[in-house]
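The values are calculated or read from the model by the stated rules, or taken from the named source; none is laboratory data. Treat the numbers as computed from the prediction; the structure is a model and nothing was measured. All Cβ positions, glycine included, derive from the backbone under ideal geometry; neighbour counts span all protein chains shown. Only protein heavy atoms, including side chains, enter the accessible area calculation; ligands, DNA and RNA are left aside. Shrake-Rupley method; radii C 1.70, N 1.55, O 1.52, S 1.80 Å.
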Amino acid sequence: MLYDKTMRAAAYIREKTAYRPQIAVILGSGLGSLGEQLQEPDYIPYADIPGFPASAVAGHAARFVFGKLEGREIAVMQGRFHYYEGLSMQEVCFPVYVLHALGVETIVITNACGGINTEFSPGDLMLIEDHINLMGVNSLIGPNDERFGLRFPDMTEVYDRALRRLTLDTAKELDIPLQQGVYALFSGPCYETAAEIRAYRAFGADAVGMSTVPEATAANYLGMHVLGISCITNMATGIAKKAHSHEAVLAAAERSGERFSRLLKEVLLRMPLL
Ligand code: HPA
């Protein structure tokens, strides 16, 4: 069922664009500007694609952009689906299945998140080394279709080591500071309590957010190469001196957007094609 639904959505997209990218990027809240930098873009609103859930989170354009980055074909997701919208995990991850069906081998997953590691500051970029799923819900729960992957996928290296190396080297060359750390998933939509953040820190989390882990888990299952980059938009509850607001998160992501897009663009151009 998921398989047929995935193939239908992929067939629709193949009709709407001639691009056949090997690389895709999911852009997080306030980080959508890379989508505007693609040449000869084809825009495909999620709402037009059969099987796609309806979604309207502020700061998310809710469409695919297929286009070229200096000649290299890329698919960009401006906006993603979240579990806190009341969607199933299968719906949250549906675009990843569709991108895989379209031939995408490498996916860059980005997000805005809160910093738990006190060495971090708002505005920092963080390379995701690994994650902790604190939500108690796994995005692969449900009947398994062997055409997609194994029932019990290994998670030793969800975030591709070679892509992390490439990103660290690129950041160094561009003189863009890049933190590294473990991203913890919280369901949202409320922000965490101070006690929750203390607990997550003890668990080994460096940052916390409401996305990325479901899609990274699905992409790893599908055999894709995954790179994760976070923008620390605020320090997490109890570490931050003031209350959180979504507007402040978006504004902070946009302030880091230039550095973020510069790094991302260069990494995308340097990624090996298979
Ligand atoms: N917590 C969870 N998600 C977030 C945060 C946060 O502090 N900031 C941006 N997204």
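Observations, loosely collected:
- Whichever residue in the range 176-214 is farther than 26 Å from Leu166 by Cβ and among the charged types (D, E, K, R) and, among such residues, is most open to solvent (accessible area, probe 1.4 Å): Arg198
- Test: residue in the range 211-222 that is touching a Lys or Arg at 6+ places or on another chain (Cβ under 6 Å), more than 13 Å from the ligand (Cβ to nearest atom) and in a loop (DSSP other than H, G, I, E, B): no
- Listed by first and then second residue, the pairs with beta-carbon distance under 8 Å, at least 6 apart or on different chains, first residue in the range 81-101 and farther than 18 Å from Val226 by Cβ, second open to solvent by 20 Å² or more (accessible area, probe 1.4 Å) and in a helix (DSSP H, G or I), are Gln90/Leu2.
- The requirement of being basic (Lys, Arg) and out of contact with any helix residue (DSSP H, G or I) (no Cβ under 7 Å at 6 or more places or on another chain) is not satisfied by Arg262.
- Members of the range 215-274 found to be open to solvent by 40 Å² or more (accessible area, probe 1.4 Å), of a type in the set (A, V, I, L, M, F, W, C) and within 22 Å of Ala75 (Cα to Cα), listed by number: Leu269, Leu273, Leu274
- Check on Tyr191, part of a loop (DSSP other than H, G, I, E, B) and within 12 Å of the ligand (Cβ to nearest atom): yes
- A count restricted to the range 115-138 and to residues that are surrounded by 23 or more Cβ atoms within 10 Å (Cβ to Cβ), more than 15 Å from Leu31 (Cα to Cα) and either away from the ligand (no atom under 14 Å from the Cβ) or within 17 Å of the chain's Cα centre (by Cα) (or both) stands at 2.
- With respect to the conditions (1) under 14 Å from the mean Cα position of the chain (by Cα); (2) within 9 Å of the ligand (Cβ to nearest atom); (3) not small (Gly, Ala, Ser), Met235 falls short on a single one, namely (1).
- Residue match in the range 172-184 (condition: assigned to a helix (DSSP H, G or I) and over 23 Å from Glu266 (Cα atoms)): no
- Cβ-Cβ distances below 9 Å connect the following pairs, each with a first residue in the range 228-244 that is among the small types (Gly, Ala, Ser), a second residue that is modelled with pLDDT under 90, and a separation of six or more residues or different chains: Ser230/Gly28.
- Qualifying residues in the range 238-255 (those that are assigned to a loop (DSSP other than H, G, I, E, B) and not aliphatic (A, V, I, L, M)) - the one nearest to the ligand (Cβ to nearest atom): His244
Conditions (1) out of contact with any strand residue (DSSP E or B) (no Cβ under 9 Å at 6 or more places or on another chain); (2) more than 16 Å from the ligand (Cβ to nearest atom), marked per residue:
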{"residue": "Leu163", "(1), (2)": "no, yes"}
{"residue": "Leu166", "(1), (2)": "no, yes"}
{"residue": "Asp175", "(1), (2)": "yes, yes"}
{"residue": "Gly181", "(1), (2)": "no, no"}
{"residue": "Ser187", "(1), (2)": "yes, no"}
{"residue": "Glu196", "(1), (2)": "no, no"}
{"residue": "Tyr200", "(1), (2)": "no, no"}
{"residue": "Val208", "(1), (2)": "no, no"}
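- In the set (1) among the basic types (Lys, Arg); (2) touching a residue at least 60 places away in the same chain (Cβ under 8 Å); (3) over 19 Å from Ile23 (Cβ atoms), Arg164 fails one condition alone, (3).
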